[in-house]
Amino acid sequence: MGLVQKDALRTMIISYIGIVLGYLNKGFLFIIILSTAQIGLVNLIYSVGVLFAQFANMGTIYTTWRFFPVFRNESRKHHGFLPLMILFVLVGIVLCTLATFFFRDEIEQLYLEKSPDFVDYYVWFIPIGISTVFFLVFEVYLRGLYKNIISVFANEIVLRLALTMILGIYWMKWVSFSTFVILHSLIYFIPVLMLLIYMVRIGEFNIKLSSIQISKRFRRILVKSSSYFYINTLGLVIVASLDVVMLAQMDGLESTGIYSTVLFLASALQVPYKSIIRISAPLVSEHWKNRQFGEIKSLYIKISSVSLTIGLGLFLFTWLNIDFLFSFLKPEFSLGIWVFFFIMMGRIFDMYCGINSSIFTSSKKYKYDVYFTVSLILIVYFLNLLFIPVWGMNGAAISTSIALALVNLGRLIFVWNILKMHPFTWNQVTVIFAGLLTLTSGTFIQNYIQEGWILFFCESILVLALFIFPVYYLKLDTEIVNYTNKLLGVIFKRSGK
């Protein structure tokens, strides 16, 4: 866990700086400068662009995770792995762009009634899609080289600063809303250019076709594997975007604006988990390559425990103060409070399951993950059809959480069956009990304290006393305790104590 802890801390710090900038943009400037419908439109364009990227990546993301450790060889330019992946992606971009225009009339008809403004800006999800797919390819390639910081910095800091700038330009009325939408679509090329320049500087941007030294047998394996990973990649992102896309179609841009804003606010709670996964996924592939099953099991348990503890702690702090935090937003955003709750229920369970997906996709049984991915898509789609007309944005959140829980449960069972591994420990039961006790006590306090700042202070102290302190002093999660002690030691040493 040493490498994971070190890089995860760096990426987490950068990500949280990005979250601050993101809150400035989407939690403050978006709400002040744009109408709810405009927020919904911009986020819908982005969501469709992300879907475009996932259709166009042709499975290269998971293929790189799984197979790049096999071909990594600096002296031989990694056998031309990067140019081969770029070839796959270029084919995907061309096919998806052609499909975008071929099915344009059918797609526009879906939004004419509830979200007609999307039709006016239809083509502007394409630049987002193209830039996103290249960023994903470059990012995962650099992750395979254990170079994570530049990707996080480019996407979390630079991109959000660019968004702040164009929001300011629009707010000062230097450009129209139409121009703002166009600029918003184009700024996603900035992180791509940064990664490209960085790869050139470190000598890793080799795109010569003549450098491809992968045998025909291995190419067939890569193509076959990519087809499976392609479906898995699609599934993950379709689930992440399907609720926004279907909500805009069935309930309008106003609901989409509130829902997508709450999704962003909830994403801050997943930053530590995503930082850990970003570092650990390549390690899982490396351990599989070396047949180090004990290391995989140890990593599985540690990451699940850490993710559960951090995710639950952040959720408790946020949920017990949710009314106070939402009081700083426009009144209509209070409709999204229960969206936050339902979304976080699914995401906390997803975090608790840790690296089960990485273990699955790195194993010889990776093909079976297609069934889980297809099930995930179908569950979300059909539950959205049932729940959105009844409960609106809350229905979309419930659908996504149920689907995440069911599919993660299936993966847990499957990993146990094939590898006899699970991430559970008795200490985790105590952590969950402490979380439930904190949640119950905090809800009880709300019946007696109404003043916002006083309640905020009391709830924060409660989370500290009933959850954080017990976890630390009872050593319910040794990784967190050890790392906290290390961090405190560095702080005290530098302060001269």
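The values are calculated or read from the model by the stated rules, or taken from the named source; none is laboratory data. Every value quoted in this text rests on a predicted model; they were computed, and no experiment measured them. All Cβ positions, even for glycine, are placed from backbone atoms using ideal geometry, and neighbour counts span all protein chains on display. Each accessible area value is taken on the protein alone, full model and side chains, heavy atoms only, with ligands, DNA and RNA left out. Shrake-Rupley method; radii C 1.70, N 1.55, O 1.52, S 1.80 Å.
Considering the Cα positions of segment 388-486, please state its Rg to one decimal place and its Dmax as a whole number of Å.
Calculated on Cα positions, Rg and Dmax stand at 18.5, 54 Å.
Where does each of 431-438, 452-459 land if you order them by average Cβ count within 10 Å, highest first?
In descending order of packing, they fall as 431-438, 452-459.
Could you tell me how many cubic angstrom of Cα convex hull volume segment 159-198 has per residue?
Hull volume normalised by residue count: 54 Å³.
At R0 = 51 Å, how high is the FRET efficiency between residue 440 and residue 28 if r is their beta carbon distance? Nearest 0.05 is fine.
After rounding, the FRET efficiency stands at 0.95.
Could you do me a favour and compute the accessible area per residue for segment 137-202, 1.4 Å probe, result in Å²?
With the other protein chains kept in place, segment 137-202 gives 45 Å² per residue.
Which whole-number percent gives the relative contact order of segment 76-190, counting Cα pairs below 8 Å spaced six or more residues apart?
Once normalised by length, the contact order is 30 percent.
Apply the Karplus parameterisation 6.51 cos²θ - 1.76 cosθ + 1.60, with θ equal to phi minus 60°, to every residue of segment 152-164 and state each ³J(HN,Hα) to the nearest whole Hz, in sequence, with x for glycine and proline.
Karplus values, whole Hz, x for Gly and Pro: 5, 4, 5, 7, 8, 9, 5, 4, 6, 5, 5, 5, 4.
Take residue 120 and residue 413, extend 7 Å from each Cα along the Cα→Cβ direction, and tell me the distance between the two endpoints in nm.
Simple spin-label model gives 5.0 nm for this pair.
Could you tell me the convex hull volume per residue, in Å³, taken over the Cα atoms of segment 263-421?
Per residue, the Cα convex hull of segment 263-421 comes to 100 Å³.
What do you reckon, how do 330, 26 stack up by accessible area (1.4 Å probe), largest on top?
Largest to smallest exposure gives the sequence 330, 26.
Can you tell me the FRET efficiency between residue 113 and residue 17 if r is taken as the Cβ-Cβ distance and R0 is 41 Å, rounded to the nearest 0.05?
In this case the efficiency is close to 0.50.
Between residue 290 and residue 430, what FRET efficiency follows from the Cβ-Cβ distance if R0 is 25 Å, with the result rounded to 0.05?
Efficiency, from the Cβ-Cβ distance: 0.15.
What ³J(HN,Hα) values, in whole Hz, does the Karplus curve 6.51 cos²θ - 1.76 cosθ + 1.60 give for segment 437-454 when θ = phi - 60°, with x put for Gly and Pro?
Once θ is set to phi - 60°, the couplings for segment 437-454 become 5, 5, 4, 5, 5, x, 5, 5, 4, 4, 6, 10, 10, 10, 5, x, 5, 5 Hz.
Per residue, how much space in cubic angstrom lies within the convex hull of the C-alpha atoms of segment 125-200?
71
With respect to the cross-link table entries 147/274; 420/475; 274/297; 26/173; 302/420; 297/364, which display a Cα-Cα separation exceeding 21 Å?
Listed pairs above 21 Å: 420/475.
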